[in-house]
Amino acid sequence: MGGFFGAASENDCITDVFFGTDYHSHLGTRRGGMTAYNPDLGFQRSIHSIENSPFRTKFEHDVISMKGRLCIGCISDTDPQPILMRSKLGLYAVCSIGVIQNAKELAEELLANGCSSFEVMSSGNINSGDLIGALISQKENFIDGIRYAQEKINGTMSLLILTTDGIIAARDKSGRLPIVIGKRDDGYCVSLESFAFQKLGYYIHKELKAGEIVKLTAKSCETLFAGTGDLKICSFMWTYYGYPNAVYEGVTVETMRTRNGEIMAENDIKAGRLPDVDYVCGVPDSGTPHAIGYANRSGIPFARPFIKYTPTWPRSFMPTSQTLRNQVAKMKLIPVHELIEGKKLLFVDDSIVRGTQMRETVEFLYENGAKEVHMRSACPPIMYGCKYLNFSRSTSEMELIARQVIDSLEGAEGMHYLEEYSNSETERGRKLRDEICRRLKLTSLEFQSLPGTIRAIGKPECELCTYCWNGKE
């Protein structure tokens, strides 16, 4: 995943971009970057690893040395960005968010058509910014080039381009990720997260439509391409990835999550599945508002039986090694013994992906004296790895616990019944839940339904991407 922030101002805007980019740290864990332009100094760029310390501490010295009234910054879970490009369109910097599934095929096609070379990272992969720049250069201007790149790429591409006279921002053609423009007396900014510029004195000017391209200067926000309006924004942004006070398409993350928990409780009450427990609890942090909604609707008290210790291991610089991530996740959970020992607990988590960390959390609760541990997932069973935003680090869909269970029950034949397995009212659906309960040592388990998730978001289903749950494009 990742996030970006840019500003075009009548005044020096380096500090704005520093703070605005830092507010995207929850979206990436590997690298951060900033590039500024000043007529006297030219392009100034800095890229740092943020795997072992956060963006803020790595870039606090760069803020002092950089100068410019045009600047972009990014948080990346993949490539070093922004990168500088020189082409027939001039000298510019580019950073992008998303994933390019057909990167190898596109690179081979470009090389065959006359592109001389690409910068290759130590992993052997081509930097996505380099590939995007090469695609854009196939056309005679940025507008046609960006639209061409978006059509050629399988996956998702939202980007910022910093030129000597402004910033070009382009939302991906399906609008799976948001881009919001902010305005202040002295200029404009562009951000993935709307809250990132509120403390900087900007107010929301507009949210880009799917496929829309704009150019920002200190004086104007000019629409270069109006976009298509064919929206398919990622539903998982509300369920998990989005920061609580972020607003996407007019829907606030925190209120969606609370409403989602209320709907889950309603479903359990109607189905007669509401368990007799002492407390409703959230798996911190993103599971907490879902749990508050569940507690409010069910009438069961909300409590925090364990606290996540984050001063030294916040989400913004979790290690990329899955083994170390699991160990860190375990180390972060500090119990409140009087709220666990002898208690029957119902936890709400944002999702169940592989189940590894949840299994360790459940074991941790039993080790500290829990009598029962019930679980509610705030979204449907995840059946497909995301191919649009690279949310999951899974190398195979068989790493997903739901798919593992289905394969163990029916083998390849089970692929024909994924919809039934998602539905708790079917025999297959109950078998899925019972087996995950057995594997994770849960007393009971239920998932939010897809209609419940859509209702909680409050947007038409046709405008939402639900691929990870039902495989629909």
Any lysines whose Cα falls less than 19 Å from that of residue 308, other than same-chain ones fewer than 8 residues away, would be 330, 332
Among 291, 453, 307 - extreme Cα towards positive end, dipole of the chain, charges at beta-carbon:
307
Once the other residues with Cβ under 11 Å from the Cβ of residue 400 are scored (Lys, Arg +1; Asp, Glu -1), what is the net sum?
-1
Express in % the proportion of alpha carbon pairs of the stretch 1-92 at distances exceeding 16 Å.
49 percent
Alpha-carbon Rg/Rh ratio, for the stretch 26-77, with Rh computed the Kirkwood way
1.00
Neighbourhood charge, 15 Å Cβ-Cβ cut-off, centred on residue 371 and excluding it, Lys, Arg +1 and Asp, Glu -1
-4
With label points set 7 Å from each Cα along the Cα-to-Cβ direction at residue 206 and residue 437, the distance between them in nm comes to 5.3 nm
What is the dipole size for the chain, taken about its Cα centre, with +1 at each Lys and Arg Cβ and -1 at each Asp and Glu Cβ, in debye to the nearest 20?
420 debye
Which three extents, in whole angstrom, do the alpha-carbon atoms of the stretch 2-231 cover along their principal axes, largest first?
47, 39, 34
The stretch 151-165 and the stretch 1-26 have their Cα centres apart by a whole-number Å value of 17 Å
How many percent of Cα pairs in the chain exceed 43 Å?
17 percent
May I ask which of 139/173; 139/219; 173/215; 88/209 have a Cα-Cα span longer than 22 Å here?
139/219; 88/209
Helix-derived [θ] at 222 nm for the chain: sum -39500 (n - 2.57) over DSSP H runs of at least 4, divide by residue count, nearest 500?
-8500 deg cm²/dmol
To the nearest 0.05, what FRET efficiency results for residue 40 and residue 224 with a Förster distance of 35 Å applied to their C-beta separation?
0.80
So how long is each side of the stretch 78-162 along the principal axes, counting just the alpha-carbon atoms, biggest first, in Å?
31, 26, 22
Please work out how much length the chain gains when fully extended from residue 367 to residue 64, using 0.36 nm per residue of separation minus the C-alpha to C-alpha distance, in nm with one decimal.
104.1 nm
What net charge do the residues around residue 275 carry, taking every other residue with its C-beta under 13 Å from that of residue 275, with Lys and Arg at +1 and Asp and Glu at -1?
0
Normalised by the number of residues in the chain, what is the relative contact order in percent for Cα pairs under 8 Å and 6+ residues apart?
13 percent
Given a Förster distance of 45 angstrom, what is the FRET efficiency for residue 410 paired with residue 307, based on the Cβ-Cβ distance and rounded to 0.05?
0.65
Considering only DSSP beta bridges with both partners in the stretch 251-470, what is the antiparallel share in %, to the nearest 5?
15 percent
What per residue convex hull volume, in Å³, comes out for the stretch 251-470 when only alpha-carbon positions are used?
127 Å³
What distance in nm lies between label points placed 7 Å from Cα along the C-beta direction at residue 360 and residue 199?
3.0 nm
What is the distance in Å between the Cα centroid of the stretch 438-473 and that of the stretch 198-274?
17 Å
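Every read-out reported here was derived from the displayed coordinates using simple, explicitly stated rules and does not represent laboratory data. Everything numeric in this text was worked out from a predicted model, so none of it was measured. Cβ atoms come from the backbone with ideal geometry, glycine included; neighbour counts cover every protein chain shown.
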